């Protein structure tokens with residue numbers, strides 16, 4: 001199960017799972033880029049006049065994944081289940097319910 005909260009290391013994990021066809025990914029597109037990203041080490045500075053704080057990554061990395069046609073996106077799940085506003089307000093986990101129903105139907 002994955003969604004827009006699947007970022008950083010979680011997004012790398014789901015990308016590698018998708019690339020190696022390990023399991024079924026269900027939910028919404030991950031937050032981190034499928035191909036890789038930047039991070040790990042940052043340089044921080046405060047601009048002298050505006051006092052705006054800036055953090056800039058120093059490292060770019062590429063995930064060891066099979067290339068996809070749409071670059072620059074998060075990992076796309078095998079089964080897209082979008083959470084609705086009603087789900088959020090009613091505390092309903094539509095992705096978990098979908099997974100449970102699929103498990104029940106497979107037995």
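Which order results if 1, 45 are arranged by neighbouring Cβ count within 10 Å, fewest first?
Listed from fewest to most nearby Cβ atoms, that is 45, 1.
Express in nm, to one decimal, how much length is gained between residue 69 and residue 7 on full extension, taking 0.36 nm for each residue of separation and deducting their alpha carbon distance.
Gain in length upon complete extension: 20.2 nm.
Report, as a whole number in µm² per second, the diffusion coefficient that Stokes-Einstein gives for region 9-106 at 25 °C and 0.890 mPa s using the Kirkwood radius over alpha carbon pairs. Walk me through the numbers before you get to the answer.
Values: Rh = 16.1 Å.
Answer, rounded: 152 µm²/s.
Direction-averaged shadow area of the convex hull around the Cα atoms of region 53-103, nm²?
Over all viewing directions, region 53-103 projects a mean Cα-hull area of 7.3 nm².
Calculate for the chain the 222 nm mean residue ellipticity that helices alone would give, adding -39,500 (n - 2.57) per DSSP H run of length 4 or more and normalising by residue count, nearest 500 deg cm²/dmol.
-8000 deg cm²/dmol
Quick one: order 97, 35 by neighbouring beta-carbon count within 10 Å, fewest to most.
Exposure proxy ranking, most exposed first: 97, 35.
Coordinate-derived values only; no laboratory data. If you're wondering where the values come from, they're calculated on a predicted model, not measured in any experiment. Cβ atoms come from the backbone with ideal geometry, glycine included; neighbour counts cover every protein chain shown.
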